[in-house]
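The values are calculated or read from the model by the stated rules, or taken from the named source; none is laboratory data. Computed from a predicted model, the values in this text were never measured in an experiment. With ideal geometry, Cβ positions are generated from the backbone for all residues, glycine too; neighbour counts draw on all protein chains shown. The area values use the complete protein model at the heavy-atom level, side chains included, leaving out ligands, DNA and RNA. Shrake-Rupley method; radii C 1.70, N 1.55, O 1.52, S 1.80 Å.
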Amino acid sequence: MLNIQSIPVITIDGPGGSGKGTVGLLLAKKLGWHFLDSGALYRILALEALTQGIPLTDEGALERLAGTVNMDILLLDQRITDNIRSEACGNAASKIAIFPRVRAMLLERQRALCRPPGLVADGRDMGTVVFPHAILKIFLEASVEERAKRRYRQLKDANQNVTLQGLLEEIRARDVRDRGRVIAPLKPAEDAVVVDTTGLGIEAVFERVMQEVEHCLY
Ligand code: DC
């Protein structure tokens, strides 16, 4: 039986639009490690609940769904990956993420994805709850205006019909929910390195993160 404590983990947490997904994926590729996009798990669950007509307020039904839904994100087809990227799905994911029993069910499923030679995990509670033994914890921040602009460009590039003002409001509401929930709220771990990415391009953010990684690994 593999002891996950012996597998190196780097966590990258932060609010939506902070750049954690892009930076996390680049880092995983650079190190040759696995990558866990934990937000995708919440999004897949939310999409499945919407598809099956399960109310986003029914904790028991959502918990059962969380134990059975196929979350092998590597095997997902493009249609599902596109669907889960919508702002509506992100909001639904944030709503179901408040339930302790749903989070508990997903906790073990996330830890099971920790495999050699190492894991880069991005989300909200990777450093605080899921992988507290991580060798490096990064927390990315950015102003809400900048995050809305980044999301706007991403979603427009994906041909989604969104407005900047609408995104600003949705991101603000999601921030309040993610930061204010009782269980595993969005916040930096005590031992996290906090990086403000406002005004920085993705290359600059990646460079800054790599400085920390090099310091920690070599
Ligand atoms: O990172 P994202 O935008 O794909 O995440 C969508 C929602 O899922 C987010 O608003 C809250 C929830 N989430 C969470 O509660 N914990 C995580 N580790 C990742 C996502």
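Each row is one residue, and each column tells you yes or no for (1) assigned to a strand (DSSP E or B); (2) open to solvent by less than 40 Å² (accessible area, probe 1.4 Å); (3) away from the ligand (no atom under 16 Å from the Cβ).
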residue	(1), (2), (3)
A28	no, yes, no
Y42	no, yes, no
L45	no, yes, no
E48	no, no, no
T51	no, no, yes
I54	no, yes, yes
G60	no, yes, yes
E63	no, no, no
A66	no, yes, no
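Pairs meeting the criteria (first residue in the range 4-18 and more than 16 Å from the ligand (Cβ to nearest atom), second residue of a type in the set (K, R), beta carbons under 7 Å, at least 6 apart or on different chains) are I4/R111; I7/R115. Exactly one residue out of R85, R151 is basic (K, R) and in contact with a helix residue (DSSP H, G or I) (Cβ under 6 Å, 6 or more places away or on another chain): that is R151. For the range 145-180, which positions are in a helix (DSSP H, G or I), more than 14 Å from the ligand (Cβ to nearest atom) and open to solvent by 60 Å² or more (accessible area, probe 1.4 Å)? Those that are in a helix (DSSP H, G or I), more than 14 Å from the ligand (Cβ to nearest atom) and open to solvent by 60 Å² or more (accessible area, probe 1.4 Å): E145, K149, Y152, R153, K156, D157, L164, Q165, E169. When you check M105 against the structure, is it assigned to a loop (DSSP other than H, G, I, E, B) and hydrophobic (A, V, I, L, M, F, W, C), yes or no? In short, no. Condition test on L136, is it at pLDDT below 90, more than 14 Å from the chain's Cα centre (by Cα) and away from the ligand (no atom under 16 Å from the Cβ)? The answer is no for L136. Taking the range 124-144, which residues are over 20 Å from M210 (Cβ atoms) and either touching a Phe, Trp or Tyr at 6+ places or on another chain (Cβ under 7 Å) or not in a loop (DSSP other than H, G, I, E, B) (or both)? Answer for the range 124-144, where residues must be over 20 Å from M210 (Cβ atoms) and either touching a Phe, Trp or Tyr at 6+ places or on another chain (Cβ under 7 Å) or not in a loop (DSSP other than H, G, I, E, B) (or both): T128, V129, V130, V144. Selection over the range 176-197 of residues that are of a type in the set (A, V, I, L, M, F, W, C) and either touching a His at 6+ places or on another chain (Cβ under 9 Å) or closer than 14 Å to P100 by Cα (or both) gives a count of 3. Across the range 7-26, the number of residues qualifying as open to solvent by less than 10 Å² (accessible area, probe 1.4 Å) and part of a helix (DSSP H, G or I) comes to 2. Scanning the range 191-204 for residues that are in contact with a strand residue (DSSP E or B) (Cβ under 9 Å, 6 or more places away or on another chain) and either more than 16 Å from G14 (Cβ to Cβ) or away from the ligand (no atom under 16 Å from the Cβ) (or both) gives D191, V193, V194, V195, D196, T198.
For the range 108-123, the tally of residues that are more than 10 Å from the ligand (Cβ to nearest atom) and either in contact with a Lys or Arg (Cβ under 9 Å, 6 or more places away or on another chain) or not in a helix (DSSP H, G or I) (or both) stands at 9.
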